[in-house]
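The values are calculated or read from the model by the stated rules, or taken from the named source; none is laboratory data. Predicted model, so just to flag it, every value in this text is computed and none were measured. Because the Cβ atoms are built from the backbone with ideal geometry, glycine has one as well, and the counts that use them run over all protein chains shown. SASA here: full protein model, heavy atoms, side chains in, ligands and nucleic acids out. Shrake-Rupley method; radii C 1.70, N 1.55, O 1.52, S 1.80 Å.
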Amino acid sequence: MKLLTTGAFVRASRSARLSLRYRASSNNTYYLGIRLASRVARAKLPEEFSIESSRPDQRHDSQATEGQITLEEQDDSKSAFKRALEAQQTLNKVITQSGFSGVKFRNAAFVFDETSNLSPSILDLVGRNLYDIPNHPICITRKLIESVFAQPEFINHVAPKPAVSTRLNFDVLGFPEDHPGRSRTDTYYIDSSSVLRTHTSAHQHAAFKHMKNIEQTGYTICADVYRRDSIDRSHFPVFHQMEGAKLWQLQPHPTEKLTRYQMLKNRRSQMSQDIEKLPKHGLEIIDEAGTFDPKTNPIQAEHDHPEVRMMATHLKRSLELLVNRIFSAAKEAGVGNPNAQDEPLKIRWIEAYFPFTSPSWELEVWWQGEWLELLGCGIVQQPILNEAGLSDRVAWAWGIGVERLAMLLFGIPDIRLFWSTDKRFLDQFHEGKVTKFEPFSKYPACYKDIAFWINAAPAGATPLTAKPDSGLAAAAGGDATKALPSETVPSAFHENDMMEILRDIGGSLIEDVKLLEEFVHPKSGRKSLCYRINYRSLERTLTNEEVNQLHNEVASRMSSELGIELR
Ligand code: FA5
Ligand code: MG
């Protein structure tokens, strides 16, 4: 059972005041040789979903290295700085002038305040738009997902602007004030009211509002998302998500007046027909969340139980079909089972908690000796639909980690590879094709330990027993093993602050970081932590001197920035 065990996640009161802008993708999609129907007319689509240029390479943000701008007027006020920031060309770089710092993204310029915690290593990855590069495995995977959730039923969006308001990322979706996902240790704040989106659900409200004006009954959105997170083979601070939703409406009759009950009966029968239309699959799936436990995973009070059961069946089957498609394509490409050769595939549904769905579930697959979470999903909280002007509709929604599917699809063993610019990686993939990834070589690992004292009890230390995604990771980031729910400012030590320094110094030369040991000194009551850092390049053998230099820099920055004492 998931999150509710922490007791911290009070189902939220919904503050849903919203506004958003969008645009949608509009082109023909080919997938594995199948031509999908062309997209709906551009003119109707909201501004923020976009394919802005017919040439994908023109859609990527410039990556200049300069960090200076000139203020035109002799005015060193914050507003003059903001105007200058808005006027300049360099995107996604920290600009500093007259005591102010800020950054310009595609959608807007932001002046940093005391909440900002963006790091250069993260900004370097903004604007790469991997989901939009036809021969990149992220884009190929996106297209495969879109081919399962395709026209004419679904409209497929991309959302290229990563800066969103805290209102859209959290408030509108009913995140409680003390949800760990809001913490500065877990989220990249641009300023006190804007973040790098932590999930594609930040665009849910706009996508729902847009549903009012179009014929489709569902949508997908693909985008890059950002989280301060741990470092290992399946977690990266920037990754891609796809969000999907499917809605059912109470349909008035064109001529007769129907009662609400009659409309409800019609909607139920529509759902039942839609389930019938879904193809069958041969996957064996363990369902550990087949019932609707009123305590841990309740049906919403205003919902009709038979409808929710049908929506749950439709939702789970649709996602199982996607997973089946992924595994079939992987098998065809010779990638095979993600486990040892002859072991059968192991896939399971478990209960989950998200502030914006109830009931909620997660789908996991057994991968390299542990459960790997692929996606979260559930029945959309009705107030969210009502707030978007859709009180006559009910819906399911899901959010998928695109890298996680791409790793299964191509047999890619390490999430860092997606960001590689090495031709030996990039040249292996071709639009519309699934091919088995051939590792170019496994270079040697170099382990270095770092041990230190911290002053207070470590809200930041992951217990040795906790595994990534072991059931405590919260919706849209925020891990209850790492941050006290009440903690919205950093505590004495937070593991993610260390991860950030490691990423700044080592970038993708760090494969993973594990807590090796922790103990409390019997007399002083101080806590000691020891982490093991695995330095390994995906592209070459690292020299000893190089690693020592990196590690010394890590030690020195940790002791000067994190208030710890090295042992
Ligand atoms: C969410 O982000 C929800 N917005 C999903 C959702 C949407 C639920 C709509 C209900 C309705 P979550 O935090 O579990 O949920 O992330 C979704 C998926 O993103 C995970 O299942 C995982 O596949 C992927 N993911 C999460 N963190 C990382 C990471 N650091 N690196 C790579 N993939 C990640
Ligand atoms: Mg999750």
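Would you rank K265, K316 by solvent-accessible area, highest first, keeping every protein chain in place and using a 1.4 Å probe?
On the way: K265 110, K316 20 Å².
From most accessible down to least: K265, K316.
Normalised by the residues of segment 492-567, what does the relative contact order come to in percent, with Cα pairs under 8 Å and at least six apart? It would help to have the intermediate numbers written out before the result.
Details: 71 pairs, mean separation 25.1, N = 76.
Here the relative contact order equals 33 percent.
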Net charge around F452, counting only other residues with Cβ within less than 9 Å of its Cβ (Lys, Arg = +1; Asp, Glu = -1)? 0
Cα principal axis extents for segment 266-345, largest first, Å: 47, 30, 13
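Order F519, F105 by their accessible area, 1.4 angstrom probe, all chains in place, largest first. Write out the running numbers ahead of the final one.
Numbers: F519 75, F105 0 Å².
Ranking F519, F105 by accessible area, largest first, yields F519, F105.
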Straight-line reach from K295: which lysines fall under 25 Å, measuring Cα to Cα and dropping same-chain residues less than 8 apart? K2, K316
Average accessible area per residue (Å²) across segment 106-217 - probe 1.4 Å, nucleic acids and ligands excluded: 24
With +1 on each Lys and Arg Cβ and -1 on each Asp and Glu Cβ, how big is the dipole of segment 79-165 about its Cα centre, in debye rounded to the nearest 20? 220
Report S98's accessible area, 1.4 Å probe, all protein chains in place, as a number in Å² to the nearest 10. 60
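Are there chymotrypsin sites (Phe, Trp or Tyr not before Pro) in segment 186-245 that DSSP marks as loop and that have at most 14 other Cβ atoms within 10 Å, and which are they? Working shown, then result.
On the way: sites: Y188, Y189, F208, Y219, Y226, F239; in loops: Y188.
Here no chymotrypsin sites (Phe, Trp or Tyr not before Pro) fit, given the DSSP loop and packing criteria.
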With a 10 Å radius around each residue's Cβ, average the other Cβ atoms per peptide and rank 85-92, 154-161, highest first. 154-161, 85-92
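So for each of 129-137, 425-433 I average, over its residues, the number of other beta carbons within 10 Å; can you give me the resulting order with the highest mean first? List each step's numbers first, then the result.
Working: 129-137: 19.9, 425-433: 14.9.
By packing density, highest mean first, the sequence is 129-137, 425-433.
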For an R0 of 60 angstrom, estimate the FRET efficiency from the Cβ-Cβ distance between D392 and A451 and round to the nearest 0.05. 0.50
Checking the table K265/K346; K212/K277; K277/K331; K143/K331; K143/K277 against a 28 Å threshold on Cα-Cα, which pairs fail? K265/K346
Bounding extents of segment 488-567 in its principal axis frame from Cα atoms, largest first in Å, are 45, 28, 19
Where a ≥ b ≥ c are root eigenvalues of the Cα gyration tensor, a/c under 1.5 meaning rounded, otherwise prolate if a/b exceeds b/c and oblate otherwise, segment 260-313 counts as oblate
Area of K104 that stays accessible when all protein chains are in place (1.4 Å probe, Å², to 10): 40
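Cβ neighbours within 10 Å, averaged per peptide: list 378-391, 172-185 in order, most packed at the top.
Details: 378-391: 20.4, 172-185: 23.1.
Highest to lowest by the protection proxy: 172-185, 378-391.
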With a ≥ b ≥ c taken as the square roots of the eigenvalues of the C-alpha gyration tensor of segment 250-404, please select rounded if a/c is under 1.5 and otherwise prolate if a/b is larger than b/c or oblate if it is not? prolate
At q = 0.10, 0.17, 0.19, 0.20 Å⁻¹, base-10 log of I(q)/I(0) for segment 72-224 (Debye sum, equal scatterers on each alpha carbon): -0.44, -1.07, -1.20, -1.26
Report the local net charge at F410: Lys and Arg +1, Asp and Glu -1, summed over other residues whose C-beta lies under 11 Å from its C-beta. 0
For L278 the rounded accessible area (nearest 10 Å², probe 1.4 Å, non-protein molecules ignored) is 30
For segment 105-193, the percent of all C-alpha pairs falling in each 10 Å bin, from 0 up to the bin holding the max distance, is 13, 34, 33, 18, 1
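How would segment 199-318 be classified by its alpha-carbon gyration tensor: rounded, prolate or oblate, with rounded meaning a/c under 1.5 and the a/b versus b/c comparison settling the rest? Don't skip to the answer; put the middle values down first.
Values: a/c = 2.09, a/b = 1.53, b/c = 1.37.
Since a/c reaches 1.5 and a/b is larger than b/c, the shape of segment 199-318 is classed as prolate.
GluC sites (Glu not before Pro), restricted to segment 206-285: which are DSSP loop and have at most 10 other Cβ atoms within 10 Å?
Numbers: sites: E215, E243, E256, E276, E284; in loops: E215, E256, E284.
Answer by residue number: E215, E256, E284.
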What list of ³J(HN,Hα) couplings, whole Hz, do you get for segment 93-100 from phi and the Karplus terms 6.51, -1.76, 1.60, once you set θ to phi - 60° and write x for glycine and proline? 10, 6, 10, 10, 6, 6, x, 10
